[in-house]
Each structure stands twice: as C-alpha cells, then as structure tokens.
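Everything on this sheet refers to the single structure shown next.
Read-outs: derived from the displayed coordinates by stated rules, not from any lab. For clarity, every value in this text was computed on a predicted model and none was experimentally measured. Here the Cβ positions follow ideal geometry from the backbone for every residue, glycine too, while neighbour counts run over all protein chains shown.
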Ligand SMILES: C[S@@+](CC[C@H](N)C(=O)[O-])C[C@H]1O[C@@H](n2cnc3c(N)ncnc32)[C@H](O)[C@@H]1O
C-alpha cells in the first residue's frame with residue numbers, strides 16, 4: 001500500500017495587490033456580466049414597482065450598474081468601515097440617478113463615501129452633507145458642502161425641496177426625521193438602518209423608532225425594546241411622542257430589496273425609499 005497521498009492544494013493563482021485594496025473589477029468579464037444581469041433583473045423589478053425605471057429601460061439600468069462597479073472601488077473612503085457597503089451603495093447610486101434630484105442633502109457624512117456615491121451618480125447636483133463630526137470626511141469638491149451640526153439648523157423650507165433627495169444615515173429617530181423633512185417641503189427620502197423591532201440589535205445606536213417599528217402593529221406605546229450588542233445591554237421605551245405624527249406624513253415607503261443574496265457582500269442596512277405627502281397648504 002502506498003503512503004498517504006499529499007493533501008490536495010488549491011489550484012487557483014493568487015496575485016496580492018501592493019496596496020491591499022479591492023480591485024476595480026470584481027470578477028472575470030463573463031462572471032461580472034452575469035452578476036450584473038442578475039442585479040439588473042432584481043433592481044428593475046423594484047424600480048418598475050416604484051415607477052422609477054429609466055426611459056432606456058433595462059439596457060440603461062444595466063449600464064448604470066456596470067458604471068457603478070467600475071467606479072465603486074475608487075471611493076476615497078476606501079472600504080468605508082462603519083458606513084454603507086457595496087449593496088447599499090449600489091442602491092444609493094441607482095436611486096439618485098433615477099430620481100435626478102435638484103439637490104441632495106445627507107445627514108450622516110462619516111468618511112464621505114455615500115456623498116461620493118451620490119456625486120458620481122449625479123455629478124452636477126449640489127450636495128450638502130451634515131455630521132456632528134465632519135473631521136472624518138475624505139474628499140472635497142465644489143459640488144460638496146460639508147456642515148458640522150444638525151441639518152435642521154441650516155436647511156429651511158423651500159418649494160424647490162419637492163425635487164430634492166434627503167438621505168438620513170445618522171441613526172436618529174426616523175419619525176422625527178420624517179417630520180422635519182415634511183415641514184421643509186421635501187418629498188423624497190432615503191433612510192438607512194430601517195430595522196424591524198426584532199432586528200434592533202443589528203446596528204450600533206439604532207434609530208428609535210425606525211420606520212419599520214412605526215408601522216409595526218405589534219409595537220405599541222409602553223413597549224420596552226431591549227437588546228444586547230457587543231457585551232452591552234440596551235433598553236428603550238416606545239412612546240407616542242416618539243412618533244412625531246409621522247405616519248400621516250408618509251405617502252408610501254419601500255424597503256429596497258437586499259442585494260447581498262446576489263452579490264454575497266455583507267447584507268445591507270435596511271435602506272428604504274420614502275415618499276412624503278405633499279406639504280399642507
Ligand atoms: C453610519 S455613519 C454614516 C455613513 C455614511 N453615510 C456612509 O454611508 O458612508 C453615521 C454618522 O452619523 C453621524 N451623526 C450622529 N448624529 C448625527 C446628527 N444629529 N446629525 C448628523 N450626523 C450625525 C455620526 O457621527 C456618523 O458619522
């Protein structure tokens with residue numbers, strides 16, 4: 001009998017990058033094309049329901065998705081720890097491109113990754129980004145204005161706000177952000193971290209309530225929402241005051257489909273598109 005065969009080894013070739021960064025091209029051409037086709041199908045179905053498909057249909061959408069993959073790895077924020085990952089970034093890119101807003105406002109700058117994605121989706125659109133600490137921002141551009149502090153101190157009501165897009169990625173109460181945006185005449189919002197009450201442990205410092213909690217008939221005033229994360233216990237009591245009357249201000253809201261099932265990048269953060277009711281006369 002012969003000696004044990006040598007253990008099998010992997011047959012692939014490995015060529016590490018000197019800078020350790022993600023390649024601009026994720027997969028070999030044929031596989032990348034297949035991945036982008038799968039993403040196009042899923043995103044097209046959602047955009048069709050939202051009546052946001054581009055005039056050029058799936059062919060134009062596929063071109064946007066290809067463009068996103070060619071530019072994504074160049075983000076000045078790098079891998080963007082603590083901020084939007086690949087799946088949510090693709091949604092931010094596609095929704096901004098589809099809406100073609102006259103202005104973009106973001107609360108939650110962090111390293112500036114999501115603002116950069118918006119800029120690449122809508123290069124001519126002015127962007128105002130807000131954070132309590134703008135010191136982490138990694139890029140600058142004449143179209144980008146970074147503000148330190150809460151967005152409500154700077155942005156007022158304006159009829160033109162109806163054509164703008166606001167992205168809330170600051171982990172603040174979604175109902176409060178909805179009320180603030182509605183009072184200023186905004187109609188289109190993207191909110192991140194829209195986790196259900198049963199998923200509240202999924203992010204540090206979750207928005208309380210999230211829109212998912214606000215519309216959950218099983219979450220009622222007086223309920224304790226308690227969870228454990230990274231060795232700490234947290235608790236918050238749901239109250240009617242925390243709702244800010246926001247339910248009546250929302251015409252519709254749509255959680256955007258999870259793309260991680262297709263890309264296998266880490267799952268996104270419950271990104272949701274919100275259409276607010278028209279301002280009161
Ligand atoms: C998850 S990070 C934002 C990630 C970023 N949008 C991205 O995708 O790359 C959340 C940020 O919200 C900021 N933040 C916390 N409270 C805030 C507030 N009241 N207004 C604006 N930003 C706030 C935090 O400092 C943090 O940088």
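Can you tell me the length gained on complete extension of the stretch residue 52 to residue 71, counting 0.36 nm per residue apart and subtracting the Cα distance?
4.6 nm
Give me Rg over Rh for the chain, both radii from the alpha carbons and Rh done the Kirkwood way, two decimal places.
Ratio of gyration radius to Kirkwood radius for the chain: 1.02.
Over the stretch 29-276, what is the relative contact order in whole percent, taking alpha-carbon pairs under 8 Å and six or more residues apart?
Once divided by the residue count of the stretch 29-276, the mean separation gives 17 percent.
Using the Cα gyration tensor of the stretch 193-270, with a ≥ b ≥ c the square roots of its eigenvalues, what is the shape: rounded (a/c below 1.5), prolate (a/b larger than b/c) or oblate (neither)?
In terms of gyration-tensor shape, oblate.
If you average the alpha carbon positions of the stretch 162-206 and of the stretch 19-76, how far apart do those two centres end up, in angstrom?
Their Cα centres are 25 Å away from one another.
Hey, if you drop one equal point scatterer on each alpha-carbon of the stretch 1-93 and run the Debye formula without solvent, what base-10 log of I(q)/I(0) do you get at q = 0.18, 0.24, 0.26 Å⁻¹?
At q = 0.18, 0.24, 0.26 Å⁻¹ the computed log10 ratios are -0.93, -1.29, -1.38.
Take every DSSP beta bridge with both residues inside the chain and express the antiparallel ones as a percent of the total, to the nearest 5.
Expressed as a percentage, antiparallel bridges in the chain total about 45.
Between residue 239 and residue 163, what is the FRET efficiency for a Förster distance of 41 Å, r being their Cβ-Cβ separation, to the nearest 0.05?
For R0 = 41 Å, the calculated efficiency reads 0.75.
Please sort 196-202, 128-134 by packing, taking for each peptide the average over its residues of neighbouring beta carbons within 10 angstrom, highest first.
Descending packing order for the listed peptides: 128-134, 196-202.
Going highest first, how would you order 260-270, 139-149, 100-110 by mean Cβ packing within 10 Å?
The packing order, highest mean first, is 100-110, 260-270, 139-149.
Using 0.36 nm times the number of residues separating residue 8 and residue 150, minus their current alpha carbon distance, what extension gain do you get?
Between residue 8 and residue 150, full extension yields 45.4 nm more.
Could you check the simple spin-label distance between residue 252 and residue 60, using points 7 Å along Cα→Cβ, in nm with one decimal?
Result: 1.9 nm between the two label points.
What ranking do 174-187, 223-236 get when scored by the average of other Cβ atoms within 10 Å per residue, highest first?
Final packing ranking: 174-187, 223-236.
Return the Cα extents of the stretch 105-145 along principal axes one, two and three, sorted largest first, each rounded to a whole Å.
26, 16, 15
Taking square-rooted eigenvalues a ≥ b ≥ c of the alpha carbon gyration tensor, is the stretch 87-126 rounded, prolate or oblate, where a/c under 1.5 means rounded and, failing that, a/b exceeding b/c means prolate?
Since a/c reaches 1.5 but b/c is at least a/b, the shape of the stretch 87-126 is classed as oblate.
Calculated FRET efficiency, residue 42 and residue 281, Cβ-Cβ r, R0 45 Å, to nearest 0.05?
The formula returns an efficiency of 0.70 here.
On alpha-carbon atoms, Rg over Rh for the stretch 1-159 using Kirkwood Rh?
Result: Rg/Rh = 1.12.
For q values of 0.15, 0.19 Å⁻¹, compute log₁₀ I(q)/I(0) with the Debye formula on a Cα-only model of the stretch 110-222, without solvent.
Each listed q corresponds, in turn, to -0.73, -1.10.
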